[in-house]
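What follows is one structure encoded as C-alpha cells, with my remarks underneath.
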Amino acid sequence: MTKILIIADHDGQTLNPATSKSVACATEIDSASIDVAVFSDNVSEVAAQAKQLDGVSRVLTVENEANKHALGAVLAPQVVAIAEGYSHILGCSTSFGKDLMPRVAALLGVNQISDIMSVEGTHTFKRPIYAGNVVLTIEAPADLPVVATVRAASYAAVESGNDAPVVAVDCNAEIPSHSRFVELQAGSSDRPDLQTAARVVSGGRALGSAENFELIFTLADKMGAGVGASRAAVDAGYVPNEMQVGQTGKIIAPSLYVAIGISGAIQHLTGIKDAGTIVAINKDEEAPIFEVADIGLVGDLFSIVPELTAALD
Amino acid sequence: MEKILVGLKRVVDYNVRVRVKSDGSGVETDGVKMSINPFDEIALEEALRIKERGEASEVIVVSIGASESQQQLRTGLAMGADRAILITTDKAPDTLSCARALLEIVRREGPELVILGKQAIDDDNIQTGQMLAALWDRPQGAFASKIELNGDTARVTREVDVGLEIIEIDLPAVITADLRLNEPRYVKLPDIMKAKKKPLDEIALADLGIEAGPELKEVLFEPPAERQKGIMVDDVAGLVAALKDKGLVA
C-alpha cells in the first residue's frame with residue numbers, strides 16, 4: 001500500500017512554503033494517504049498551518065526539546081523511528097531537507113532520489129542533473145521505501161482549505177548529543193522572500209560594489225520584488241550567501257525575473273529555468289543570459305536601472 | 001589530529017556544456033575534459049590548510065571509479081595530499097555504495113575528520129557526506145563555509161537558506177565543503193613531478209566486502225525543455241512597454 005510521509009520544513013513558527021509544494025508533489029503519487037510530520041520543541045503553531053494544507057490526511061507531531069533546532073543528525077533517527085509502514089518519505093529540497101534526508105535514506109539502507117521535478121509513476125520520477133542541463137528519469141525499487149526530496153520550483157503550493165487531524169506520536173529514537181546548535185545568523189529583510197516572491201530582481205558582478213547594489217534594492221522595492229544575486233556578486237562580498245541564485249544557491253520560479261549585470265553562467269541559469277518571464281539587462285550583447293531571456297536590453301545598467309526605476313512610478 | 005580523509009570525484013569539467021547521448025542512455029563523456037569535482041577541490045584545500053597550520057599530520061585522498069580516476073588523485077597529490085587510495089570499479093556505483101565504500105576506508109584508516117565536497121556537479125545528488133556520517137554514526141557539518149577545530153570538537157559555519165548556521169560537532173565527523181570555504185590553490189609544475197613519487201594504492205570495490213545497492217534504475221537521460229527565443233528591446237521605454245504587454249507591470 002502506498003503511504004506517504006512528508007517531513008515539514010519550518011522555523012519553529014512558520015511552515016516553509018516548500019512543505020506545501022512537497023504536498024503538491026505527493027498528491028501526484030497514487031497513494032492511500034499523505035501524512036505530514038512536524039518535529040519541533042513546540043509543534044502547535046506549525047501543526048496548525050500544516051493541517052490546513054489540502055491533500056493532507058494527518059499531521060503527526062514529535063515534540064521534544066532536542067528538536068528546537070533542525071539538525072539533520074538529531075532528526076534522522078527520529079524520522080526513521082516513525083517512518084515504519086510508509087512507502088514514501090519525502091523532504092523538501094531546502095538546506096534543511098538536503099541535510100536531513102540522505103541521512104534518513106542511509107539509515108533505511110536505500111538510495112535517495114534528490115529534487116523530484118515530476119512524478120511519472122509511484123516509483124518513477126524525473127530529476128535534473130548536470131545543473132539542470134540533463135533531465136534523468138529514475139526508478140526506485142518497488143519493494144523498498146522511497147526516500148526523496150522535492151524540487152520546490154517545480155510545484156505550486158496547495159490550497160489551505162483543509163482541517164486534517166493532528167496526532168502526537170511517540171518516538172522512541174535515541175537522540176545523539178554529538179551535534180549542537182550554536183547560533184543562526186539570518187539576514188533580516190522586509191522584502192519578499194526570495195524563494196517564494198512572485199517577482200525577483202537579481203544583480204551580478206557588473207554592479208561592482210556593495211554600495212552600487214543599492215540600485216538593485218531600489219528597483220526591487222519599487223516593483224515589490226525579492227532580491228537575488230549571482231554567485232560572482234556573493235563571492236565578491238556585495239551581498240550575503242542567502243541571496244545566491246543557481247545550482248549551488250536557490251532554485252526559484254518567480255513569474256518575473258529581472259537579471260541585471262549577470263552574464264548567465266549555466267550554473268546561474270539552472271536556478272531560474274522555471275521563471276515565467278526572464279528580463280536581462282547587460283552591456284555585453286553576447287552574454288549567455290540573452291539566450292534564455294524573454295525580454296533583453298543591451299546597455300549600461302548604471303543608466304538603465306535608475307531610468308527603469310523612475311519609469312515604474 | 002592524525003589524519004584527514006578527503007574524497008575526490010572525477011567529473012565532467014565545470015566549463016563543459018554536457019550533451020545527452022542520442023539513445024538517451026547517458027551523457028556523452030568521450031573526448032570530454034574531466035576534472036576533480038570543484039567542491040572536492042575545496043574540501044582538499046581545507047584539509048591541506050589544516051595540515052599546514054599544524055593541526056593535522058596527514059591528508060589522504062580517496063576516489064572511487066575506473067583507473068582514469070588516478071589522474072584526479074595525482075592532481076590531489078600535486079596539490080599537497082600525502083597519499084592516495086583508488087577504489088577501483090568499472091561501473092559507477094550508486095551513492096549509498098560509495099558511502100559504504102568510504103566507510104570501509106574510514107574503518108581501515110581511522111581519520112578524525114572526513115571532508116567531502118557538498119555535491120558533485122554531475123549528478124547533483126548532495127548525499128554522500130550525510131550518508132557516510134549516518135552509516136558511521138557520527139556528526140555531519142554539511143555545506144560548510146568555515147571550519148574551526150578546537151581539540152575534540154569542530155565549530156562549523158553552514159550556508160543555509162536563511163543565512164549562516166553555526167554548529168558544534170564532536171570529532172570524528174564528516175564535513176562537506178561549500179563554495180566559500182576557501183579558494184583552492186593552483187598546482188605548480190614541480191609539485192606535479194613530486195606527486196608522481198607519492199603512494200597511490202588501489203583496492204577493488206569488490207574486495208572491500210560491501211553490499212551494493214539497492215540501486216535506482218536510470219531509465220532515460222533527456223535534454224531539458226528549451227525556453228522559447230525572446231525579444232530584444234532598444235531602450236527602457238521598450239522594456240516597460242514589453243512588460244506592460246505581458247501584464248507584468250501596471
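Just so you know, all these numbers are worked out from the coordinates, no wet-lab data involved. This structure is a prediction, so every number in the text was calculated from the model and none was measured. Neighbour counts are summed over all protein chains in view; Cβ atoms, including those assigned to glycine, are modelled from backbone coordinates with ideal geometry.
Listed values, structure above:
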read-out: Radius 11 Å from Cβ of A:ILE262, net charge of other residues (Lys, Arg +1; Asp, Glu -1); value: +1
read-out: Average beta-carbon neighbours from other chains, 10 Å sphere, peptide B:111-121; value: 1
read-out: Shape category assigned to the protein assembly as shown from the gyration tensor of Cα positions, a/c cut at 1.5; value: oblate
read-out: In nm, spacing of pseudo-spin labels at B:ALA241 and B:LYS196 (7 Å Cα→C-beta vector); value: 6.6 nm
read-out: Separation of alpha-carbon centers, segment B:91-116 and segment B:10-35, rounded to whole Å; value: 25 Å
read-out: Centre separation in Å (Cα based) which lies between segment A:276-309 and segment B:208-250; value: 17 Å
read-out: Proximal lysines relative to B:LYS197, as straight alpha-carbon distance under 17 Å, when same-chain residues fewer than 8 apart are discounted; value: B:LYS188
read-out: Rounded, prolate or oblate (a/c below 1.5 giving rounded, otherwise prolate when a/b exceeds b/c) for segment A:199-311 by Cα gyration tensor; value: rounded
read-out: FRET E, pair A:VAL167, A:ASP54, Förster distance 22 Å, beta-carbon r, rounded to 0.05; value: 0.75
read-out: Coil-residue GluC sites (Glu not before Pro) of segment A:145-246, DSSP, other Cβ within 10 Å capped at 13; value: A:GLU159, A:GLU174, A:GLU211
read-out: Estimated distance in nm for a label pair at B:ARG49 and B:ASP207, the labels positioned 7 Å out from Cα along Cα-to-Cβ; value: 3.6 nm
read-out: Label point distance in nm, A:PHE217-B:ASP82, each placed 7 Å from Cα along Cα→Cβ; value: 4.8 nm
read-out: Cβ-derived FRET efficiency at R0 56 Å, B:SER22 paired with A:ASN42, nearest 0.05; value: 0.50
read-out: For segment A:74-98 and segment A:147-213, distance of Cα centres in Å; value: 16 Å
read-out: Cα gyration tensor category, rounded, prolate or oblate, for segment A:1-117 with a/c compared to 1.5; value: rounded
read-out: Square roots of 5 times each gyration tensor eigenvalue, C-alpha, segment B:3-245, largest first, Å; value: 34, 24, 19
read-out: Chymotrypsin sites (Phe, Trp or Tyr not before Pro) lying in DSSP loop within segment A:170-253, provided at most 14 other Cβ fall within 10 Å; value: none
read-out: Charge-dipole axis of the protein assembly as shown as Lys and Arg at +1 and Asp and Glu at -1 on Cβ define it, positive-most pick from A:ALA311, A:VAL245, B:GLN72; value: B:GLN72
read-out: Candidate aspartates and glutamates for bridging to B:LYS229, where Cα separation is under 19 Å - those fewer than 8 sequence places away on the same chain excluded; value: A:ASP274, A:ASP284, A:GLU285, A:GLU286, A:GLU291, A:ASP294, B:ASP245
read-out: Cut-off 10 Å between beta-carbons: net charge of the residues surrounding B:ARG180, Lys and Arg +1, Asp and Glu -1; value: -2
read-out: Charged-residue dipole, Cβ positions (Lys, Arg, Asp, Glu), the protein assembly as shown about Cα centre, Debye nearest 20; value: 960 debye
read-out: Shielding by other protein chains, A:88-100, mean Cβ within 10 Å; value: 3
read-out: Neighbour cut-off at most 12 other Cβ (10 Å), DSSP loop, trypsin sites (Lys or Arg not before Pro), segment B:1-97; value: B:ARG17, B:LYS21, B:LYS33, B:ARG53, B:LYS91
read-out: Cβ neighbours within 10 Å from other chains - mean over A:108-120; value: 4
read-out: Protection proxy ranking, peptides A:11-20, A:299-308, average beta carbon neighbours within 10 Å, highest first; value: A:11-20, A:299-308
